[in-house]
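What follows is calculated from the coordinates using simple rules that are stated; it is not laboratory data. As the structure is a prediction and not an experimental result, all values here were calculated from the model. Quick reminder, even Gly has a Cβ in these numbers, built from the backbone with ideal geometry, and neighbours come from all protein chains shown.
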Amino acid sequence: MSSGPPLLLTRPVDASPEALHEYRAAGGYEALARVRSGSADAIRALDDANLRGRGGAGFPVGRKWALARAADGARKVVVANGGEHEPGSKKDRLLLAKYPHRVLEGVAICAQATGATEAYLYLIEDMTDAIGSAKAAVAEATDAGLLGALAVRVALAPTTYVAGEETAALEVHYEGGGTAGADTAAPYDWEDELEMALLALEAKNSLRASGLVV
């Protein structure tokens with residue numbers, strides 16, 4: 001397995017949060033500008049890169065964004081779920097604590113690509129470092145005019161284990177606080193469930209062809 005330069009965690013572990021001027025000096029927010037100008041297609045780029053979700057299911061991000069773009073509804077909202085409470089897991093809070101503008105630019109690109117006009121950075125109320133960095137980044141980017149008409153807010157959830165589950169995150173958003181309780185209903189409609197079933201079948205057939213499963 002070849003190793004290349006890091007793409008996300010490019011700063012020392014003990015470094016302070018990446019400030020706006022540091023991020024822009026490294027090319028930050030240029031991708032957002034290209035997407036807004038029409039010179040770059042975010043969803044096509046995601047498909048070409050085969051980027052997948054980091055939550056465990058590995059669902060293709062480009063496909064998820066395409067479904068959101070095609071969905072009916074006059075109001076669309078992007079929720080960046082950083083509310084992880086798996087024991088020992090700090091992958092999401094680390095990104096928001098140390099690299100908040102990278103997350104924020106990704107959220108803004110997602111909003112542009114899907115037609116959303118609002119966005120939330122969803123965190124658990126005991127994630128002090130991530131909350132501070134996220135709020136500071138939103139303020140910096142807003143003052144610099146980088147977010148345009150996109151309204152971005154930091155939403156906090158209670159310190160319960162289930163609060164990081166996606167339907168719990170949506171409850172906090174849509175009910176203005178809520179108890180962060182998970183919903184028993186599947187988060188995807190039947191079309192999306194069919195897509196996920198087909199992906200699972202493709203993966204199983206690939207494993208069978210490789211001799212890894214019978």
* Gain upon complete extension [residue 129, residue 25; 0.36 nm per residue less C-alpha separation] -> 35.1 nm
* Asked: If we count every other residue with Cβ under 14 angstrom of residue 48's Cβ, Lys/Arg +1 and Asp/Glu -1, where does the sum land?
  -> +1
* Asked: Which semi-axes, in whole Å and largest first, does the equivalent ellipsoid of the range 1-72 have when worked out from the alpha carbon gyration tensor as the square roots of 5 times its eigenvalues?
  -> 26, 19, 12
* Name the lysines eligible as straight-distance cross-link partners of residue 135: C-alpha to C-alpha under 24 Å, and not fewer than 8 places from it in the same chain. => 76, 90, 91, 98
* To do: Report the label-to-label distance for residue 71 and residue 51 in nanometres (one decimal), using points 7 Å from each Cα along the Cα→Cβ vector.
  => 1.8 nm
* Order of 114, 128, 142 from fewest to most other C-beta atoms within 10 Å? -> 128, 142, 114
